[in-house]
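Report on the structure given below.
The values are calculated or read from the model by the stated rules, or taken from the named source; none is laboratory data. In this text, all values refer to a predicted model and were calculated from it rather than measured experimentally. Every residue, glycine among them, receives a Cβ derived from its backbone with ideal geometry; neighbour counts consider all protein chains shown. Just so you know, the surface numbers come from the protein's heavy atoms only, side chains and all, with ligands and any DNA or RNA stripped out. Shrake-Rupley method; radii C 1.70, N 1.55, O 1.52, S 1.80 Å.
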Amino acid sequence: MTLRAVIARPARSARVGSHRRHLLVGALLPAVLVIPVLAGCSASDAPDGTRAAPAPSVTAGSRLPAVQNATDLTRKPLSAAGSGTPPSTLVTHDLVTGHGASASATSTVAIQYSGVLWRNGKEFDTTWGSGQTATFPLDSTIAGFGRGIDGMRVGGRRQIVIPPDLGYGPAGGQPPTILADDTLVFVVDLLAVQGGGGGGASPQP
């Protein structure tokens, strides 16, 4: 069983408090919950060959960060830094359209993901390179992460831009990496939905 880091909702609820017993003291951020992967698989198990999604609608005053390897699900997506003022609301952009089970904001999902900061493109967390996916309930994460995956289908890849009020807010994450009012940019591959999805559960990858 491999431990992976997940951007976690600040520990205010009893649910998150129970996860705190599984904190791993390690190289990653103390503010980031680390949970056990229930079932891992390699990045090569990610669905591939699906078509690229339509172009996104971009919030006025901002441009979504470019993503290298955007539609190749066998390769790690590399997000650039954002340009201009970041969006003030949650923005999602389907880089690849999935056709499998649909996730809700309360589903338990298996994903591959990478997360960078809008202001400089610095990566603060990723599952890529570990040979494992991350499996966890979305209602234990920061609000923007679960909402950003809501409606996504298995086989898809989505870019999610999370404004501070749906991330860490004025408190920030863990300086000097994630600062107060940082905007977060994730690229997520949805590999499986275990429950709470509108399209029914999909098998473990």
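Quick rundown of the values:
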{"item": "Amide hydrogen neighbours beyond the local backbone of M152, cut-off 5 Å, H modeled", "result": "A103"}
{"item": "Ordering of 183-190, 148-155, 167-174 by packing [mean C-beta count within 10 Å, highest first]", "result": "183-190, 148-155, 167-174"}
{"item": "Efficiency of FRET from Cβ geometry, D72 and A171, R₀ 22 Å, rounded to 0.05", "result": "0.05"}
{"item": "1.4 Å probe accessible area per residue over the stretch 61-205, in Å²", "result": "35"}
{"item": "Contour minus Cα-Cα distance for T85 and N120 (0.36 nm per residue)", "result": "11.3 nm"}
{"item": "Of all accessible heavy-atom area on the stretch 83-159, the percent that carbon and sulfur account for (1.4 Å)", "result": "46"}
{"item": "3J(HN,Hα) from dihedral phi, the stretch 126-143, Karplus parametrisation 6.51/-1.76/1.60, rounded to Hz, x for glycine, proline", "result": "6, 9, 5, x, 8, x, 10, 9, 10, 10, 6, x, 5, 6, 9, 9, 4, 4"}
{"item": "Protein-only accessible surface order, largest first, of T92, T135 at 1.4 Å", "result": "T92, T135"}
